[in-house]
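Supplied in structure tokens, the structure appears directly below.
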Amino acid sequence: MALGDLPTGEEKRVRVREMFDRIAPRYDALNRIVSLGLDQRWRRRALAKIQVGAGDLVVDLACGTGDFCELVEALGARAIGVDFAREMLRQAAARGLRFPKVQGDGEWLPFATASVDAVTCGFALRNFVSLEAVLREIARIVRPGGRIALVDVDRPVWGPLRAAHSLYFDRLVPLVGGLLSDRSAYKYLPKSTAYLPAPEVLRTMLSGAGFLELEREIVLLGSAQILTGVRGPLTPVGGRSR
């Protein structure tokens, strides 16, 4: 899909934040419907792939109402959730989730360099204004040898399957979203896949940010993807490590 009339730059930042504030109250229920109940399975799969466990400090970027953070803490790790939509963080609190919640933007994370063991991000890569800047910032805060797990939507490659997926994702999802939540938001969300780089471009971006051992697992016949990697050594800048 082409970007067409999708917002970019600061306009995108403002519109996406406002949109997620609006849909926060029904966000969990719609996620389960849209993913056919599989989104939590994919999150668990992502955490298993990067072996999150006791003693780990995990930052969940674009944490929404706290699904990833809840699963992280169930594994005995510590979670910190970051989201720029205040209402999403309020919904997480309303669910009784006690992990630390930070309102912030992925391009400017309030954590020290090499201070966390892992970063997760669920279904949000396409919502950032500058994905490259976000990946660089993630790389900054993850310690060498630390891990990342990024889960997002995708589109099947095989023609007939891609057509069937488009019928569901581009037609049925906006219809259901409009009935249960916000019509304009759920028209935007399928279109926003146009922001996602092609797999080879995304791999190059992750590698350029400093991640090694990159893996991309396709799930649900190409409808979603799980990206994992390991933070490489900090790159010396002017003779000093950044």
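Between the stretch 100-125 and the stretch 145-200, what is the separation of their alpha carbon centroids in Å?
About 23 Å separates the Cα centre of the stretch 100-125 from the one of the stretch 145-200.
Report, to two decimal places, the Cα Rg of the chain normalised by 2.2 N^0.38 Å (N = number of residues).
This ratio for the chain stands at 0.97.
Using the crude model of +1 on Lys and Arg Cβ and -1 on Asp and Glu Cβ, and no other charge, please compute the dipole size for the chain relative to its Cα centre, in debye to 20.
Roughly 140 debye for the chain.
Can you find, among Val82, Leu71, Ala198, the residue sitting farthest towards the positive end of the charge dipole of the stretch 9-233, where Lys and Arg contribute +1 and Asp and Glu -1 at Cβ?
So the residue we want is Leu71.
Which of rounded, prolate, oblate describes the stretch 72-137, given a ≥ b ≥ c as roots of the alpha-carbon gyration tensor eigenvalues and a/c under 1.5 marking rounded, otherwise prolate only if a/b is larger than b/c?
oblate
What is the distance in Å between the Cα centres of the stretch 206-232 and the stretch 1-62?
So the two Cα centres are separated by 16 Å.
Another question, then. Take peptides 136-148, 114-126 and line them up by average Cβ neighbours within 10 Å, highest first, as a rough protection proxy.
Result, highest mean Cβ count within 10 Å first: 114-126, 136-148.
Looking only at the chain, where both bridge partners belong to it, what percent of the DSSP beta bridges are antiparallel (to the nearest 5)?
Details: 16 of 34 bridges.
So the antiparallel bridges amount to about 45 percent of the total.
Relative contact order for the stretch 9-233: what is it in percent, counting Cα pairs under 8 Å that are at least 6 residues apart?
Relative contact order, the stretch 9-233: 20 percent.
Then there's this: What order do you get for Leu97, Leu189, Leu175, Leu234 when you list them from fewest to most C-beta neighbours inside 10 Å?
By the 10 Å Cβ count, ascending: Leu175, Leu234, Leu97, Leu189.
No value in this document is a laboratory result; all are computed from the given coordinates. Since the structure is predicted, the reported quantities are computational estimates derived from the model, not experimental observations. All Cβ positions, even for glycine, are placed from backbone atoms using ideal geometry, and neighbour counts span all protein chains on display.
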